[in-house]
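J.: Have a look at this one.
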Amino acid sequence: MKYGFFDDTNREYVINSPKTPFPWINYLGNKDFFGLISNTAGGYTFYKDAKFRRLTRYRYNNVPVDTGGRYYYIKDEDTVWNPGFKPCQTKLDHYECRHGLGYTRFTSSKNEISSNLLCFIPLGYHGEVHLLKLKNNSNKSKKIKLFSFAEWCLWNAEDDMSNFQRNLSTGEVEIEGSAIYHKTEYKERRNHFAFFSANAKIDGFDTDRESFIGMHNGFNNPEAVENGTAKNSLAHGWSPIASHYFNLELKPGEEKNFVFILGYVENEKDEKWESKGVINKNKAKIMMSQFDSSEKVETAFDELQKYWMNLLDSFQLESHDPKLNRMVNIWNQYQCMVTFNMSRSASFFESGIGRGMGFRDSNQDLIGFVHQVPDLARERILDIAATQFENGGCYHQYQPLTKMGNHTLGGDFNDDPLWLILSVTTYIKETGDYSILDEQVPFDNDESRAKSLFHHLHVSFYHVVSNLGPNQLPLIGRADWNDCLNLNCFSEDPNESFQTTGNKKGNTAESLMIAGLFVMYGKEYVKLCNQIGKEDDARTAQIHIDKMVEAVKSKGWDGEWYLRAYDYFGNKVGSKENEEGKIFIESQGWCSMAEIGADEGMPEKALNSVKKMLDTPYGIVLNNPAFTEYRIEYGEISTYPAGYKENAGIFCHNNPWIIIGETLLGRGDQAWDYFKKICPAYLEEISELHKVEPYVYCQMIAGKDAFKPGEGKNSWLTGTAAWNYYAITQHILGIQPDYNGLRIDPCIPSEWKEFKVIRKFRKSTYNINIYNPNGNCKGITSLSINGIKLTDNLIPVHPEGNYQVDVHM
């Protein structure tokens, strides 16, 4: 069943039923100011950090789900309705939600009144702008009442939902003209306030939630709306809100436009006050003047659309498959930019208070967006590296507002350092900017301990070398990529976190996933060293890589697949000797991508075992058989019900590792089959089962052992976005940036006869036509650029210009 459709021309997903299986959301914003908005106008807004600078309140896991947001109530005689259907849920004569790139538009109608609500955050602007158009489509005049509504969060979202003994007494507001200002805690430790403004004269307002909604009413039936008038309430503590009231008359065919702004302002310490107790509103008034007419709003909206068009045009695919085209050209790239902005902090599955920017996550996310915003990628790399320690370890996460490491979570996730090698080498291959290696980057954000970024890569590599176990394989630490494989935790206390608890600090638990990762990005480290003239460093590093390869071949091979780990006691994990969890996806992916044991046929055998034991109609499960009892020596992975999350769920993040491994073997048909199973555009027809958005990847799909196999969870903020983009563009389509040019190495389904890619690379545009008349999966017979044949598949860097590339397979 479908709940909408793709509008590829406008780069939108159009939802035509408000009752989607789960809230289908979009993201507003592009740099410092962001909003989450659902297909029924739910969600919230924040500045930089969803925990510490949340403007509006949102209640997760609420009943009904997705209650609270940016609401407009239209009262037409006895009928009250909302442009986005919720919260009143009045049956509408027409409803449509268009999620676009950085904006959402609702068009709806009831009783011959139509509304058009556009929500977006203009470029470089610290405010969410709403353009609301109301039109009378009847042949008689209509008197209607319009109420806006936003509920203020008291800034710190975690404290806001827990410290009621204080918070119910601190709320403060000001009203001036048609603007309502939220200034809780401004007089003491804060230098920021928020405002909700309208560009028209109001007939009333409310700033106290109980006065507007009523003690015994809800968002669906506010008392003020039912009574048809505002109470002009002034909040003193309790729960401050912002609501504008308009008493309107619309003549036949008349349309009235309103601009609302939900904004954020910071003032310098000595410029906080206009007079005693009255905030300095100068910056807010300037912000309001920027969008005091619908014409100004439309101009900013056009600029936003051009911004996104420019970002996405760096890579454009023309193939026979519209589903693939829209994912590669629009939605996958868009999602990669959202994960760049959000990491794993704020979604409808991540509350914005528990997780910041992940070291591992952010390094991986970069491979999906570096071609769009290389300058921001460079900045992100330096921010990430600054949370590293001198020994190569790092904080697992850092806060986006402060860019400081998260002490609560700490470090010791021993895969983390290697991901920095991935992001830096990917960045240099895309840009050719080697100067980043000379940037002085602090350790633990202490400038007195700064070293070159290259030195950070050096200690990242040697962090593994310095932390080997009895089998000369990498020690796992608290966990590796699989945060739920906690081999040193041994937790019996339900109040402990599996990720932050280490009840047995041992030097025995080893990870084959990290071993494969080390070989993979160790090779990249060696290539980089050779590229910049550090041949001695390259030779020394290669010795350690060769030793790791031998360790994997002798201690990490189980006969038909790679082991997953050795536990605290030195027992095998992910072996045919185990009753449950005989095989895991991570080590098959990484050891195959690293081509460990290729001469002995190990990657091929391992991937054949993946097909036999882990493949399902909805994707590849993480492990098999699923755990059915708690294994204290394994940790959190064995706590999930069978088929969910890390316990034999389909973790979409790691499916691309298998896809890439298949392309290295030249098995394009199998790689494509795996790709389609988790790609959202191919799941649109089963939306009632898949549940989450059909335009973005989700983290997890319920596996074959689950109650409802195929059901998705944790959409939007997942490394799946970057890795699937990387897999499809670089390994299936085969357009691979390299240090000295653009390498063309496709591995495609045998049924594909041709496709075209327009790739912008280092100030040049390459129009690449790939022909496959003989139905091959891999292998190039000829490559020419502007009619001149090349001797291999690397297109050297060319002067700025447009180039025609013809490739025959």
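Quick note: the coordinates plus some simple rules give every number you see, no bench work behind them. Here the structure is a predicted model, which means the values were calculated and not measured. Note: ideal-geometry Cβ built from the backbone for every residue, glycine included; neighbour counts use all protein chains shown.
J.: Please report, for the Cα atoms of the stretch 735-808, the Rg to one decimal and the Dmax as a whole number; what are they, in angstrom?
T.: My reading of the Cα-based Rg and Dmax gives 11.9, 35 Å.
J.: Tell me, Kirkwood radius of the stretch 14-57 from alpha-carbon pair distances, in Å?
T.: Evaluated over the stretch 14-57, this radius sits at 11.3 Å.
J.: Return the distance in nm (one decimal) between the two label points of a simple spin-label model at Asp669 and Asp7, each offset 7 Å from Cα along Cα→Cβ.
T.: That separation, rounded to one decimal, is 4.0 nm.
J.: Would you mind classifying the stretch 445-556 by shape? Square roots of the alpha carbon gyration tensor eigenvalues, ordered a ≥ b ≥ c; an a/c under 1.5 is rounded, otherwise it is prolate if a/b is larger than b/c and oblate if not.
T.: Oblate.
J.: Still on this model: Taking the Cα centre of the chain as origin and charging only Cβ (+1 Lys, Arg; -1 Asp, Glu), how large is the dipole, in debye to the nearest 20? Mind dumping the intermediate values first?
T.: On the way: 87 positive and 105 negative charges, 266 e Å.
In total the dipole reaches around 1280 debye.
J.: Grab the DSSP H runs of the chain that are 4 residues or longer, score each as -39,500 (n - 2.57), total them, divide by all residues and round the 222 nm result to the nearest 500 deg cm²/dmol. Working shown, then result.
T.: On the way: 20 runs with 208 residues, N = 809.
Estimated from H runs of four or more residues: -7500 deg cm²/dmol.
J.: Separate question: Separation between the Leu168 and Thr765 pseudo-spin-labels, each 7 Å from Cα along Cα→Cβ, expressed in nm?
T.: 6.2 nm
J.: I need the calculated FRET efficiency for the pair Lys576 and Met404, taking r as the beta carbon distance and R₀ as 45 Å, to the nearest 0.05.
T.: Once rounded, the FRET efficiency stands at 0.50.
J.: Distance cut-off 32 Å, Cα to Cα: go down the list Lys403/Lys605; Lys429/Lys756; Lys612/Lys778; Lys527/Lys553; Lys306/Lys451 and report the pairs above it.
T.: Lys403/Lys605; Lys306/Lys451
J.: Still on this structure, I have one more. What order, most packed first, do the peptides 442-449, 774-781, 557-564 have when packing is the mean number of other Cβ atoms within 10 Å of each residue?
T.: Working: 442-449: 13.6, 774-781: 15.5, 557-564: 22.5.
Packing proxy ranking, top to bottom: 557-564, 774-781, 442-449.
J.: Give the angle, between 0 and 90 degrees and rounded to the nearest 10, that separates the Cα long axis of helix 512-531 from the longest principal axis of the Cα atoms of the chain.
T.: Helix 512-531 and the main axis of the chain meet at about 80 degrees.
J.: Give the separation of the Cα centroids, the stretch 226-273 to the stretch 692-715, in Å.
T.: Spelled out, the Cα-based centre of one part sits 40 Å from the other.
J.: Right, something else. Please give the length that would be gained between Lys140 and Lys547 if that part of the chain were fully extended, namely 0.36 nm times their separation in residues minus their C-alpha to C-alpha distance (nm, one decimal).
T.: 138.1 nm
J.: 7 Å from Cα along Cα→Cβ at both Ser293 and Lys251: what's the point-to-point distance in nm?
T.: For Ser293 paired with Lys251, the spin-label model returns 2.1 nm.
J.: Order of Asp66, Asp160 from fewest to most other C-beta atoms within 10 Å?
T.: Sorted ascending by nearby Cβ count, the order is Asp160, Asp66.
J.: Between Glu77 and Glu754, what length comes free when the chain is fully extended (0.36 nm per residue of separation minus the Cα-Cα distance, one decimal in nm)?
T.: Length gained, Glu77 through Glu754: 237.7 nm.
J.: Using a/c under 1.5 as the rounded threshold, could you call the stretch 319-474 rounded, prolate or oblate? The axes a ≥ b ≥ c are square roots of the C-alpha gyration tensor eigenvalues, and prolate needs a/b larger than b/c, oblate otherwise.
T.: Prolate shape, in that a/c is at least 1.5 and a/b is the bigger ratio.
J.: List the extent of the Cα atoms of the stretch 67-119 along each of their three principal axes, largest first, rounded to whole Å.
T.: On the principal axes, the stretch 67-119 reaches 36, 23, 13 Å in Cα extent.
J.: Can you bin every Cα-Cα distance in the stretch 125-284 into 5 Å intervals starting at zero and give me the percent of pairs per bin, rounded to whole numbers?
T.: In order of increasing distance, the bins hold 2, 8, 17, 19, 20, 15, 10, 5, 3, 2, 1, 0 percent.
J.: Taking R0 as 41 Å, what's the FRET efficiency between Tyr434 and Lys504 from their Cβ-Cβ distance, rounded to 0.05? Show your work: numbers first, answer last.
T.: Working: r = 44 Å, r/R0 = 1.06.
Taking R0 as 41 Å, the efficiency between Tyr434 and Lys504 is 0.40.
J.: In degrees from 0 to 90, rounded to the nearest 10, what is the angle of the helix 602-613 Cα long axis to the longest principal axis of the chain?
T.: 50 degrees
J.: Further, regarding this structure: Quick check: the angle from helix 374-385's long axis to the longest principal axis of the chain, C-alpha only, nearest 10 degrees?
T.: 70 degrees
J.: Whole angstrom only: what separates the Cα centroid of the stretch 771-809 from the Cα centroid of the stretch 570-629?
T.: 36 Å
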